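Below is one structure, written out as structure tokens, with a few remarks after it.
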């Protein structure tokens, strides 16, 4: 019987030749998050299933169809389908909400959803996200959106549109739900089974259905903006004003409701046409009731998530440049076993100075070693034979220019090698690290 040892469907491997693309995006989001005063948080890969039922929502596609849950010794756990719930749980459990507000954190983590795999959408995907807890004001909404905007534009991504909406608070949403129930009740016979189950419990979820028939019906449904209370309406107007002050263009899109139940008031998406039909590269909003819903004190909060795979795919399709990994600085090629002890000593010395160094560990001949060093993209190669070992002098070969430089093979080697690298850097031969 054949054994299937391939990676699970809906997952991807990030192999060394492509890892620089991940590093480009991860470095960019970390740097920009720090500029905005966000600090990193790390949370478990799995949480109590109840956490996601109470936060994400019983009527969402995520909870109803997509979660990976397991039972271990009568305890039910779920691999996180998104980052917010676990992060808020951690902030509450570790007393962070008792410190000075706002509390601002970011994370880079893997999430799991059982969806149909396609370009930019996987069953295991990686997400950069931020959460800000403590501020009820639209200025914090604008600041969060500005961070997302600066990350996306900083990566060079083009043709991006910001779409914003307000889905109100529980007070005005109750009136909206009533209007939706009346609208969809007349079309019960056309709705899918999932939407029928949502009609009484949470009719807003019907607006997020992916069924073509339900989507067409939903496109003519009442609009939430017509039902906002004065407080939510004022909040939304101030957000638009602050975005204009920040010179961030936006489009009001009343169809945006986001796929999770914890959202209130502001919701937003950054979209681009570069990843096919699934064009959202960032989504987020405000969730003022979530912390109280999870047992904490009433505390307003908001945040967003960006899928790293989708960012990378968008950059690839737009032909954008990724940061290249720094190549090997020095490769030492011993011609025989007698030269190996010296090769090890020299490599140890240059590595201690922070340079990337390698030497032959495969017993290759000189020609094969030089070919390997070339594949590594090594900057310098040092060949060690009997003459070099005996004389204590060697020649560094610059693999880009072909120039050879004499160098002493003694305790001064690492320092001299460093000076040579600095000289080549300033002469334009080397790129700064």
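The values are calculated or read from the model by the stated rules, or taken from the named source; none is laboratory data. Computed from a prediction, not measured in an experiment: that's the story for all the values here. No Cβ is skipped: glycine too gets one built from the backbone with ideal geometry, and neighbour counts run over all protein chains shown.
Go through the range 351-367 and give me each residue that's in contact with a strand residue (DSSP E or B) (Cβ under 8 Å, 6 or more places away or on another chain) and surrounded by fewer than 17 Cβ atoms within 10 Å (Cβ to Cβ). Those that are in contact with a strand residue (DSSP E or B) (Cβ under 8 Å, 6 or more places away or on another chain) and surrounded by fewer than 17 Cβ atoms within 10 Å (Cβ to Cβ): 351, 366.
If you check 33, 85, 28 for being crowded, with 19+ Cβ neighbours inside 10 Å and out of contact with any strand residue (DSSP E or B) (no Cβ under 9 Å at 6 or more places or on another chain), only one passes: 28. Residue count for the range 158-174 under the criterion of being part of a helix (DSSP H, G or I) and exposed (fewer than 14 other Cβ atoms within 10 Å of the Cβ): the result is 3. Among the residues that make up the range 309-325, is at least one of them farther than 20 Å from residue 152 by Cα and either in a helix (DSSP H, G or I) or at pLDDT below 95 (or both)? Checking the range 309-325: at least one residue is farther than 20 Å from residue 152 by Cα and either in a helix (DSSP H, G or I) or at pLDDT below 95 (or both). Being touching a helix residue (DSSP H, G or I) at 6+ places or on another chain (Cβ under 9 Å), modelled with pLDDT of 85 or more and not in a loop (DSSP other than H, G, I, E, B) is true of residue 26. Of the helices (runs of 4 or more DSSP H) lying entirely inside the range 211-297, those containing at least 2 residues that are surrounded by 15 or more Cβ atoms within 10 Å (Cβ to Cβ) and modelled with pLDDT of 95 or more are 230-245. Scanning the range 175-199 for residues that are loosely packed, with under 12 Cβ neighbours inside 10 Å and assigned to a helix (DSSP H, G or I) returns 182, 188, 189, 193.
Looking at 267, 271, 223, 257, just one residue is out of contact with any strand residue (DSSP E or B) (no Cβ under 6 Å at 6 or more places or on another chain), in the same structural domain as residue 102 (by TED's automatic domain parsing), in contact (Cβ under 8 Å) with a residue 24 or more places away in the chain and within 30 Å of residue 152 (Cα to Cα), and that residue is 257. Report yes if residue 383 is surrounded by 14 or more Cβ atoms within 10 Å (Cβ to Cβ), farther than 16 Å from residue 349 by Cα and over 45 Å from the mean Cα position of the chain (by Cα), otherwise no. In short, no.
Might you check whether a residue that is at pLDDT 95 or above, surrounded by fewer than 20 Cβ atoms within 10 Å (Cβ to Cβ), within 20 Å of residue 111 (Cβ to Cβ) and under 20 Å from the mean Cα position of the chain (by Cα) occurs anywhere in the range 45-68?
yes
Here residue 306 clears all of (1) assigned by TED's automatic domain parsing to the domain that holds residue 116; (2) surrounded by fewer than 15 Cβ atoms within 10 Å (Cβ to Cβ) except the condition numbered (2). Among the residues of the range 211-237, write down those that are within 25 Å of residue 65 (Cβ to Cβ) and touching a helix residue (DSSP H, G or I) at 6+ places or on another chain (Cβ under 8 Å). Within the range 211-237, 211, 213, 214, 217, 218, 221, 224 meet the criteria.
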